[in-house]
Structure formats: structure tokens, C-alpha cells
């Protein structure tokens with residue numbers, strides 16, 4: 001059975017002290033109110049080691065927000081998948097729309113990052129999704145399918161079963177716009193069918209597909225009630241413990 005997951009993506013927010021305080025606050029709430037889903041905090045690199053110590057790993061998992069597409073070497077400023085693993089992190093967010101848009105990440109480089117993450121026993125939370133122009137041109141199905149095929153479909157069924165997908169309607173990130181529950185279900189169902197066509201129904205049915213686009217406590221329950229929406233990748237609303245818990249409580 002696939003897992004329901006609510007993952008926070010802190011992006012470039014919180015000093016080390018602020019981040020550890022937030023991690024402890026989230027952990028305390030969830031220890032007292034056991035969640036009905038897996039909860040993950042995607043913190044900046046500098047927070048990871050201390051965040052791992054600050055949470056109960058049976059309740060809260062920690063994710064890096066990226067990793068390098070190289071094993072090691074003269075790549076100043078990069079962080080390898082092995083380095084991420086050595087911190088105690090369990091997950092890594094790959095292919096976020098901001099990484100694609102601002103730092104030129106491609107399906108080819110993300111293929112390498114995914115392979116290295118899996119080789120180091122990290123669970124990739126792999127982001128896919130279309131920009132506004134692609135949605136308005138009704139190319140969103142093609143865009144999402146191409147992203148999956150080019151970056152992930154070289155994987156064996158066993159390897160792919162270790163990947164979590166996160167669909168991001170890029171036009172809804174930080175804009176206050178949200179895909180309607182019907183729009184979310186439509187494309188999540190399309191993604192699952194794309195997986196079934198490649199790997200079969202069992203792998204597709206067991207793959208968690210998260211929604212990431214201005215999800216908050218007020219709309220989470222409606223979004224998560226869709227049969228093919230297995231949780232959320234949460235940005236701004238993950239920066240306050242109570243707001244984040246409001247989304248987690250939708251399960």
C-alpha cells in the first residue's frame with residue numbers, strides 16, 4: 001500500500017537556530033498528536049544534522065532539498081548524495097521547479113541525481129509539473145510525461161518503487177492560485193496511468209504522488225480526498241508549526 005506523505009519544503013528560509021526551533025515544535029506537536037501520514041521536513045543543508053537529532057525519526061523524516069549529479073570531486077559548493085546520507089537524512093527533494101527554472105536543471109541531470117540518491121539509500125521526492133504557458137496551451141500532460149520518461153523511466157521497477165513523485169502546477173506555487181481538486185485528481189490519475197503503462201498496475205498503485213501548489217490547511221482535506229492524491233509538498237505553510245500541522249491533520 002502506498003504511503004500518505006506530507007513533506008515541508010523550507011526552501012531558503014530559517015537560520016540554523018530558527019530551523020531547529022521549528023523542527024522541535026513540529027516534532028512536539030506530532031509526538032502528542034500521532035499523524036495518520038508520514039511527515040517529512042525538507043530543510044536547508046546546514047540544518048540537516050541538527051534537525052535529525054531534534055526529531056523522533058519514527059514520526060518525522062528529514063530531507064535535503066537537493067543533491068549533486070556527481071559522486072564527488074572538484075565541484076565547489078555542491079553537496080553529494082553520499083554527504084546527504086551521512087547526515088542522517090532519509091529523503092532528498094529533486095527537480096523542484098525553482099531548481100529547474102533558476103539553476104538550469106534538466107531531465108538529464110536529474111536522471112543522474114536520482115541514480116545517486118537511490119545508490120545512497122535516499123528516497124527521492126521527485127518534482128514534476130508545468131508552467132502557466134504550458135497549462136494554457138494544454139500541453140501539461142505532455143510536459144509531465146516527458147519529465148517522468150526522460151529522468152526516471154530508465155529505472156527498473158524495483159528501483160522506481162523507491163521514488164515518491166510530487167506534482168507541482170508551477171503556476172500555483174507562491175501565487176495563491178491552486179489547482180482545483182478536480183484538476184489535481186485529473187493529472188494525478190494521468191501520472192499514475194503513465195506509470196502503469198511502463199511498470200504495471202502494482203507499481204503504479206504503490207507509488208505516492210504528492211500535490212505541491214499553494215496547499216494549506218483550508219484546502220488540504222479537499223485535495224487529499226482525491227483517490228490519486230497521496231499528500232502534499234508544502235512550501236510557505238510549512239514554515240509555521242501550527243500551519244503545517246493543520247495540513248497534516250487533513251489526514
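The values are calculated or read from the model by the stated rules, or taken from the named source; none is laboratory data. Please read these numbers as outputs of a predicted model, since none were measured by experiment. Here Cβ is always computed from backbone atoms with ideal geometry, including for glycine, and neighbour counts include all displayed protein chains.
Across region 76-104, what is the number of residues that are part of a helix (DSSP H, G or I) and crowded, with 18+ Cβ neighbours inside 10 Å? It would help to see each step written out before you state the result.
Let us first name the residues in region 76-104 that are part of a helix (DSSP H, G or I), namely 81-86, 97-103.
Cutting the leftovers down to crowded, with 18+ Cβ neighbours inside 10 Å gives us 81, 84-85, 97-100.
Residues in region 76-104 being part of a helix (DSSP H, G or I) and crowded, with 18+ Cβ neighbours inside 10 Å: 7 in total.
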Task: Set 169, 181: member being modelled with pLDDT under 95, surrounded by 17 or more Cβ atoms within 10 Å (Cβ to Cβ), within 22 Å of residue 235 (Cα to Cα) and under 15 Å from the mean Cα position of the chain (by Cα) - done: 169
Open item on the list: Residues to consider are 184, 196, 204; find the one that is touching a residue at least 24 places away in the same chain (Cβ under 8 Å) and either assigned to a helix (DSSP H, G or I) or on the phi > 0 side of the Ramachandran plot (or both).
Closed with: 184
TODO: Just name the residue that is farthest from residue 88 (Cα to Cα) out of those in region 39-60 that are in a strand (DSSP E or B) and touching a residue at least 40 places away in the same chain (Cβ under 8 Å).
DONE: 39
Task: Residue under evaluation residue 223, criteria (1) closer than 13 Å to residue 7 by Cβ; (2) part of a helix (DSSP H, G or I); (3) in contact with a strand residue (DSSP E or B) (Cβ under 6 Å, 6 or more places away or on another chain), criterion not met - done: (1)
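What number of residues within region 124-148 satisfy the criterion of being in contact (Cβ under 8 Å) with a residue 12 or more places away in the chain and in contact with a helix residue (DSSP H, G or I) (Cβ under 8 Å, 6 or more places away or on another chain)?
Residues of region 124-148 that are in contact (Cβ under 8 Å) with a residue 12 or more places away in the chain, as a first pass: 124-132, 135, 140-141, 143-148.
Next, only the ones that are in contact with a helix residue (DSSP H, G or I) (Cβ under 8 Å, 6 or more places away or on another chain) stay: 124, 126-132, 135, 140-141, 143-148.
Count: 17.
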- [ ] Out of 69, 121, report the one residue that is touching a helix residue (DSSP H, G or I) at 6+ places or on another chain (Cβ under 7 Å), within 21 Å of residue 38 (Cα to Cα) and part of a loop (DSSP other than H, G, I, E, B).
- [x] 121
TODO: Could you grab me the full set of residues in region 195-251 that are surrounded by fewer than 16 Cβ atoms within 10 Å (Cβ to Cβ) and modelled with pLDDT under 95?
DONE: 218
TODO: Give me a count of the residues in region 30-41 that are touching a helix residue (DSSP H, G or I) at 6+ places or on another chain (Cβ under 8 Å) and buried (at least 19 other Cβ atoms within 10 Å of the Cβ).
DONE: 4
Task: Boolean, residue 12 is modelled with pLDDT under 95, in a loop (DSSP other than H, G, I, E, B) and under 25 Å from residue 244 (Cβ atoms) - done: no
- [ ] Give just the number: which of (1) over 29 Å from residue 201 (Cα atoms); (2) modelled with pLDDT under 95 does residue 44 not satisfy?
- [x] (2)
- [ ] Output yes when any residue across region 120-127 is out of contact with any strand residue (DSSP E or B) (no Cβ under 6 Å at 6 or more places or on another chain), on the phi > 0 side of the Ramachandran plot and exposed (fewer than 15 other Cβ atoms within 10 Å of the Cβ), and no when none is.
- [x] yes
- [ ] State whether the residues of region 182-198 include one that is in contact with a helix residue (DSSP H, G or I) (Cβ under 9 Å, 6 or more places away or on another chain) and over 18 Å from residue 143 (Cα atoms).
- [x] no
